[in-house]
Amino acid sequence: MPSYLLLQFVVVPLIAAAACYLVSGLIGRKVGWIAFASLVVTTLALLLYAGPQLYSDTAKQIVESYAWAPTSGLTFGFLADDLSLPVAILVNLVLAATAVYSMPYVESRVKAIHGEDRPYRIGLYYLNFLLVASGLAGIVLSTNLIELYLFLELVLIPTFVIISMFGYSDRERVGMIYIIWNQLGAFIFLGGIALAYVNTGSFDISSLSLLTPSVSSAAYWVAGLILVGWLVKMGMFGLHMWLPITEAEPPTSFAPVMAIVSGVGTYVIARLLLLNMPGTFQAFSLPLMAWAVVTMFYGGMVTMAQTDVKYLFAWSTMSQNAYSILGLASVSFLGVAGGVFYFTSHILGKFIMFSVAGMLLTQTGLRDMRKMGGLAAKMPFTASLFVLGALILSAVPPTSGFQAEWMMFAGIFAQGTAGTGYLIVAFLGLIATVFTVAYTFLPIKRIFFGELAPGLEAVTEAPLTMTIPLLAIVVVSIAIGIYPDLVSKLLIAFGHSLSLGGAAG
């Protein structure tokens, strides 16, 4: 295995970010290919070198550790294991596809804002885009709580810049809404980190396992602060006010990344709390499952009422993040594995749906679905991609969504044997899935079928640089749906490694 493999996963996008900005004046939007290449190279390196060892069980984990502040005993490190490897690879694949899709979109957005070509603005977009990519890689691979927090901040600032500089309606205000709410979540999370350090003397994520209710009552406070901090960042009901507008008003090319940023909390909760503090997390199980179901129903109902295609999928993110939380809160090995699996499938489907919304906007100039109709005749490839994205989000076989959802609900209903309350919540969660089918398939009729809406006679298909990345992600989703072991083998192994007992186990 090459030295610094996991470090490269974080550093290469940083180098590419600087390169994109420096050469953007010479090659304009083509800097997107630099971003794409950096993400593909790191993904392939991780997949080809770490993948075979973890899949073949020759190594349970791959760890890299580096000196940070030796006099203080601080180190930083990266970890690839059954949980982080599939998440890191699928997140990077979505980011790579987004980098290609963004090229024509951002160029047109810069012209719309400034009335002229400004290639350095495109370079600035990709600079911040790759900073977010590096930050997400760090969040997924980190072994240290302070390190994880710093990568979280690395994601926060460039996301704010992209929203504020390239977004739509009142973008500066939307950027401030995003940064205030997400900084609130990060601050609560930091409180949990500080309390954990006071009680363990270490910032290592693994040190959280030393905190148990039998040892210290602070265990509940640590778990609660970490949990609430990330639930703010995931937009759970009551903490959701910021989420829809900050996913609907950024440039649509960046909206799939926003879905990853809000949903990555699923991974962090699994890594920090379910792996290291399962007994403490168990106390939050039933209330958290109920909260997730309320979020699913509320988010689904509000999504159904949307007429703006971008707000439609922005609101749906709130509902679908709650699916993953429902799986984690079941505290069953299949529920936890399925919850993380659902997150990875969700970002595949959401990339397609948000990207189609962007294609509709660039080709028609419209976001209001009431002004659309009959576009399948003008954009047949786009219409097909929209249907395929709807199949993924609605968990229809043979897509990844189907495999993730059945695994998750198998775990949720297994927890139902622990008591009537769990069983009721499980049934309500299953009923809530009807909303996903409705709000993903009803827009197909409104946008693509019926008579062609007035003023859309000259509409043409989107360029290949926008459509081909979507097709590639559809292929990935179907491949996982047909052969789910590509993802589920590792995640189920992670689920089995958790210290879960009784029906939950």
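General observations
- Residue within segment 245-252 that is touching a Lys or Arg at 6+ places or on another chain (Cβ under 6 Å) and closer than 13 Å to G185 by Cβ present: no
- Selection status of L90, in contact with a helix residue (DSSP H, G or I) (Cβ under 6 Å, 6 or more places away or on another chain), modelled with pLDDT under 90 and surrounded by 16 or more Cβ atoms within 10 Å (Cβ to Cβ): no
- All conditions in (1) out of contact with any Ser or Thr (no Cβ under 8 Å at 6 or more places or on another chain); (2) modelled with pLDDT of 90 or more; (3) farther than 30 Å from Y197 by Cα hold for P2, with the sole exception of (2).
- For Y422: the one exception among (1) buried (at least 24 other Cβ atoms within 10 Å of the Cβ); (2) hydroxyl-bearing (S, T, Y); (3) closer than 24 Å to M304 by Cβ: (3)
- Filtered by the rule that a residue be of a type outside the set (A, V, I, L, M), more than 10 Å from L130 (Cα to Cα), out of contact with any strand residue (DSSP E or B) (no Cβ under 9 Å at 6 or more places or on another chain) and surrounded by 15 or more Cβ atoms within 10 Å (Cβ to Cβ), segment 1-29 gives Q8, Y21, S24, G28, R29.
- Options V31, V23: the member that is touching a Cys at 6+ places or on another chain (Cβ under 7 Å) and either among the hydroxyl-bearing types (S, T, Y) or farther than 25 Å from V340 by Cβ (or both): V31
- Filter result for S209 (assigned to a helix (DSSP H, G or I) and out of contact with any Asp or Glu (no Cβ under 6 Å at 6 or more places or on another chain)): yes
- Exactly one residue out of F435, F441, F448, F427 is under 25 Å from A329 (Cβ atoms), in contact with a helix residue (DSSP H, G or I) (Cβ under 7 Å, 6 or more places away or on another chain) and either surrounded by 15 or more Cβ atoms within 10 Å (Cβ to Cβ) or modelled with pLDDT of 90 or more (or both): that is F435.
- Residues within segment 451-467 that are loosely packed, with under 15 Cβ neighbours inside 10 Å and assigned to a helix (DSSP H, G or I), tallied: 1
- Some residue of segment 50-60 being basic (K, R) and exposed (fewer than 15 other Cβ atoms within 10 Å of the Cβ): yes
- The set of residues in segment 278-316 being of a type in the set (D, E, K, R) and part of a helix (DSSP H, G or I) consists of K310 alone.
- Selection within segment 165-200 - buried (at least 17 other Cβ atoms within 10 Å of the Cβ), more than 21 Å from the chain's Cα centre (by Cα) and within 26 Å of Y120 (Cα to Cα): M165, Y168, R171
- Filter result for the condition that a residue is of a type in the set (A, V, I, L, M) and within 24 Å of V268 (Cβ to Cβ), over I62, I34, I27, I113: I62
- Considering the conditions (1) out of contact with any Cys (no Cβ under 6 Å at 6 or more places or on another chain); (2) closer than 18 Å to T252 by Cα; (3) among the small types (G, A, S), G123 is excluded by exactly one of them, (1).
- In the set (1) within 21 Å of F254 (Cα to Cα); (2) among the β-branched types (V, I, T); (3) in contact with a Leu (Cβ under 7 Å, 6 or more places away or on another chain); (4) surrounded by fewer than 17 Cβ atoms within 10 Å (Cβ to Cβ), the condition left unmet by I113 is number (3).
- Number of positions in segment 222-242 that are of a type in the set (A, V, I, L, M, F, W, C) and more than 13 Å from A322 (Cα to Cα): 8
- Between L442, L471, L423, L428, the distinction of being in a helix (DSSP H, G or I) and under 22 Å from the mean Cα position of the chain (by Cα) belongs to L471 only.
- Yes/no for I480 being more than 29 Å from D82 (Cβ to Cβ) and modelled with pLDDT of 90 or more: no
- Taken together, M318, M289 contain a single residue that is under 22 Å from the mean Cα position of the chain (by Cα) and either closer than 18 Å to A390 by Cα or without any contact (Cβ under 8 Å) to a residue 60 or more places away in the chain (or both), which is M318.
- Test set (1) at negative phi; (2) part of a loop (DSSP other than H, G, I, E, B); (3) of a type outside the set (S, T, N, Q) - G411 fails condition number: (2)
- Within segment 129-157, tally of residues that are under 17 Å from V94 (Cβ atoms) and not aromatic (F, W, Y): 13
- Check on L490, in contact with a Pro (Cβ under 6 Å, 6 or more places away or on another chain) and either of a type in the set (G, A, S) or assigned to a helix (DSSP H, G or I) (or both): yes
- Taken residue by residue, segment 251-260 has no member that is closer than 21 Å to V140 by Cβ and of a type in the set (S, T, Y).
- Here G389 meets the list (1) crowded, with 22+ Cβ neighbours inside 10 Å; (2) more than 19 Å from the chain's Cα centre (by Cα) almost entirely, failing just condition (2).
The values are calculated or read from the model by the stated rules, or taken from the named source; none is laboratory data. For clarity, every value in this text was computed on a predicted model and none was experimentally measured. Positions of Cβ are generated from backbone atoms using ideal geometry, with glycine treated the same way; all protein chains shown enter the neighbour counts.
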